1. Got at least one residue in the stretch 265-282 being closer than 30 Å to SER219 by Cβ and of a type in the set (Gly, Ala, Ser)?
2. Out of all the residues in the stretch 295-336, which are touching a residue at least 60 places away in the same chain (Cβ under 8 Å) and hydroxyl-bearing (Ser, Thr, Tyr)?
3. Can LEU88 be described as at pLDDT 95 or above, surrounded by fewer than 20 Cβ atoms within 10 Å (Cβ to Cβ) and either in contact with a Gly (Cβ under 9 Å, 6 or more places away or on another chain) or of a type outside the set (Asp, Glu) (or both)?
4. Scan the stretch 265-313 for residues that are out of contact with any Pro (no Cβ under 7 Å at 6 or more places or on another chain), surrounded by fewer than 16 Cβ atoms within 10 Å (Cβ to Cβ) and within 18 Å of PRO237 (Cα to Cα) and jot them down.
5. Which of the following residues is within 20 Å of LEU154 (Cβ to Cβ) and touching a Cys at 6+ places or on another chain (Cβ under 9 Å): LEU282, LEU331, LEU272?
6. I'm trying to understand the selection: among the residues of the stretch 129-143, which are in contact (Cβ under 8 Å) with a residue 60 or more places away in the chain and surrounded by 22 or more Cβ atoms within 10 Å (Cβ to Cβ)?
7. For the stretch 314-336: of the residues being of a type in the set (D, E, K, R) and either touching a Ser or Thr at 6+ places or on another chain (Cβ under 9 Å) or not in a loop (DSSP other than H, G, I, E, B) (or both), which is surrounded by the most Cβ atoms within 10 Å (Cβ to Cβ)?
Amino acid sequence: MTNKNQKQKTLIEHPEQANSSEKTLPMESLSLDNEGFVDQKNYNQTFGYGETRKTDELTSLVIKDKYKILKLLGEGGASKVYLSERILINDQVALKMLLFDLANDPVKVKRFRLEASNTASIKHPNVIAIYDFDFTEQGIPFIVTELLRGHTLLHEMRQKGQMSLSRSVEVLLPICSALSVAHSRGIVHRDLKPSNVVLHRMDDDSEVVKLIDFGIAKSSLNSNQVNTGPGIVFGTPSYMSPEHCLGERPVDGRADVYSLGVLLFEMLTGQLPFQAASPTALMFKHIRETPPSPRSIYPDLNPQVEEIILKSLSKEPKRRFSSTLELASELSKSLS
């Protein structure tokens with residue numbers, strides 16, 4: 001599908017996660033270990049975290065008399081995620097904690113808090129639920145979310161290589177709906193990619209698509225946003241819109257429409273529209289080059305769907321779909 005350079009995390013994506021890596025991961029749902037907890041190794045593989053120790057210094061710690069840390073689930077460049085128990089109601093949640101050595105950085109703490117507040121403001125069944133934000137007794141910020149079980153879209157794409165139109169639309173329609181609510185709140189995700197879409201498995205084995213990681217989302221309604229310095233661009237180059245790559249003008253919801261166009265292109269053809277040896281070269285292609293025809297890669301693709309993809313990938317935002325709901329409507333029509 002893609003070479004290593006398209007998937008590597010770089011300083012222009014998430015500087016605090018520059019040491020993390022993505023691996024080829026198994027296509028399997030989360031399992032429970034012999035203690036009845038979510039299996040740690042499986043969790044790391046499913047959600048893309050690096051290898052972690054079997055034990056952690058915070059295991060069994062009670063935080064704020066509300067949360068008991070049961071097990072380390074995953075560890076990234078900026079945070080750790082723990083399986084935790086809400087003591088008063090005896091259920092399991094995910095507790096994401098900023099790493100100790102970042103807790104004294106006011107910019108990192110502010111960005112972490114904005115991730116929680118931006119996500120919590122989007123009340124939608126296809127956005128990961130935020131239950132709490134607080135600080136430990138030692139002053140370390142943490143976010144409490146619902147515990148997701150299942151696998152990411154990235155895993156499914158790696159397993160299948162190329163997805164059917166019906167399955168692609170089935171996954172993208174809930175994302176379009178969730179983003180519509182986010183955009184109505186003035187929030188642009190800015191980091192849409194397969195690893196940020198979780199195919200959550202409910203207790204009755206039904207699937208719910210969940211959009212996660214609003215860590216670099218931009219809110220036009222929140223005056224407490226963290227401003228990046230000149231020349232600093234956050235995001236994942238393979239999925240970034242031209243205006244996001246340029247970093248010279250504010251982006252709106254149509255930047256997310258572009259990223260959805262990249263996702264749809266990749267899901268249906270099995271490859272990204274642009275490939276390059278470096279992130280900078282890749283961003284240049286998003287800015288300057290015309291994307292290839294999806295049908296040149298997958299000749300059996302419905303011409304109507306190709307038009308939808310190419311319109312979403314227009315260089316000028318005004319030439320794209322005006323909203324994710326408009327994109328969703330056209331995708332739905334393509335199935336009839």
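The values are calculated or read from the model by the stated rules, or taken from the named source; none is laboratory data. This is a predicted model, so every value here is computed, not measured. So basically every Cβ, Gly included, is an ideal-geometry build from the backbone, and we count neighbours across all protein chains shown.
1. So in the stretch 265-282, the residues closer than 30 Å to SER219 by Cβ come out as 265-267, 272-274, 279-280, 282.
Of the ones still in play, those that are also of a type in the set (Gly, Ala, Ser) are none.
No: zero hits.
2. Matches in the stretch 295-336: TYR298, SER322, SER323, THR324, SER332, SER334.
3. yes
4. Those that are out of contact with any Pro (no Cβ under 7 Å at 6 or more places or on another chain), surrounded by fewer than 16 Cβ atoms within 10 Å (Cβ to Cβ) and within 18 Å of PRO237 (Cα to Cα): GLN275, ALA277, SER278, THR280, ALA281, ARG288, GLU289, THR290.
5. Working: LEU331 fails: within 20 Å of LEU154 (Cβ to Cβ); LEU272 fails: touching a Cys at 6+ places or on another chain (Cβ under 9 Å).
Going through LEU282, LEU331, LEU272 in turn, the sole match is LEU282.
6. PHE142
7. Going residue by residue through the stretch 314-336, those that are of a type in the set (D, E, K, R) are 315-316, 318-320, 326, 330, 333.
Then keep just the ones that are either touching a Ser or Thr at 6+ places or on another chain (Cβ under 9 Å) or not in a loop (DSSP other than H, G, I, E, B) (or both); that gives 315, 318-320, 326, 330, 333.
Numbers: LYS315: 16, LYS318: 7, ARG319: 12, ARG320: 24, GLU326: 15, GLU330: 16, LYS333: 10.
So the residue we want is ARG320.
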